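Each remark here refers to the structure printed beneath this line.
All of the numbers you see were taken from the coordinates with simple rules; none came from a lab. From a predicted model like this one, the values you see are computed outputs, not experimental measurements. In this analysis, Cβ positions are derived from the backbone assuming ideal geometry, glycine residues included, and neighbour counts consider all displayed protein chains.
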Amino acid sequence: MNPRVKEILSANPFVITALWSDDRVRSIDFATFLRDYFEKKDSLFFRILQPETFVNAKTDGRTIYWDNIAKMKDYDGTLIDAPLDFCPDVLFEQSQLVS
């Protein structure tokens, strides 16, 4: 199993630098990773590729996510806001070792 995102150290459009559970610092360039979505306004990824949204990235000690980007059905069928997150293994594969 790959390490998990322990702490976000910086989130600048469009690079997140994070401390991982193996105590190494890695950066992820989302502009490269999600380059095909900058023009796809109907995509959820387009929403996080807005600088004012991107900088609000969070971690739960496992992965990186953004609040209230997606919608999901609640138990009664009502649409509610939901976070958009990424598989931590994908993030690890897309990251570059900093230190």
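Positive-end ranking of F54, T78, N68 along the dipole of the chain, with charges on Cβ about the Cα centre, is headed by F54. Taking other residues whose beta carbon is less than 13 angstrom from the beta carbon of S43, and scoring Lys, Arg as +1 and Asp, Glu as -1, yields +1.
Comparing A57, A31, A18 in a Gaussian network model of the chain, where Cα atoms under 10 Å apart are tied by springs, the biggest mean-square fluctuation is seen for A31.
In order along region 56-68, the Karplus-derived 3J(HN,Hα) couplings, from 6.51 cos²θ - 1.76 cosθ + 1.60 at θ = phi - 60°, round to 9, 4, 10, 10, 10, x, 9, 9, 10, 8, 10, 5, 6 Hz, and Gly and Pro are given as x.
For region 1-86, the set of chymotrypsin sites (Phe, Trp or Tyr not before Pro) satisfying both a DSSP loop assignment and a count of at most 16 other C-beta atoms within 10 Å is given as F38, Y75. Pairs of alpha carbons in region 59-99 separated by more than 13 Å make up 63% of all such pairs. Relative contact order, whole percent, for the chain stands at 30, derived from Cα pairs under 8 Å and 6 or more residues apart. Remark: region 5-19, residue by residue, has Karplus-estimated 3J(HN,Hα) of 6, 8, 7, 7, 8, 7, 9, 10, x, 10, 10, 10, 10, 9, 8 Hz, where x stands for each Gly or Pro and the curve is 6.51 cos²θ - 1.76 cosθ + 1.60 at θ = phi - 60°. Distance between the modelled labels on S43 and N12, one decimal in nanometres: 2.4 nm (7 Å Cα→Cβ projection).
Once the Cβ-Cβ distance of D29 and D76 is raised to the sixth power relative to R0 = 30 Å, the FRET efficiency obtained is 0.15. Taking amide H atoms as placed 1.01 Å from N in the peptide plane, the amide H of L9 lies under 5 Å from those of T17, A18, L19, each 5 or more residues away in sequence or on another chain. Applying the Karplus relation 6.51 cos²θ - 1.76 cosθ + 1.60 with θ = phi - 60° to region 41-51 yields 3J(HN,Hα) values of 4, 8, 8, 5, 5, 4, 4, 7, 8, 9, x Hz, where x marks Gly and Pro. In this structure the amide hydrogen of N68, modeled in the peptide plane, comes within under 5 Å of the amide hydrogens of A82, L84, none closer than 5 places in sequence on its chain.
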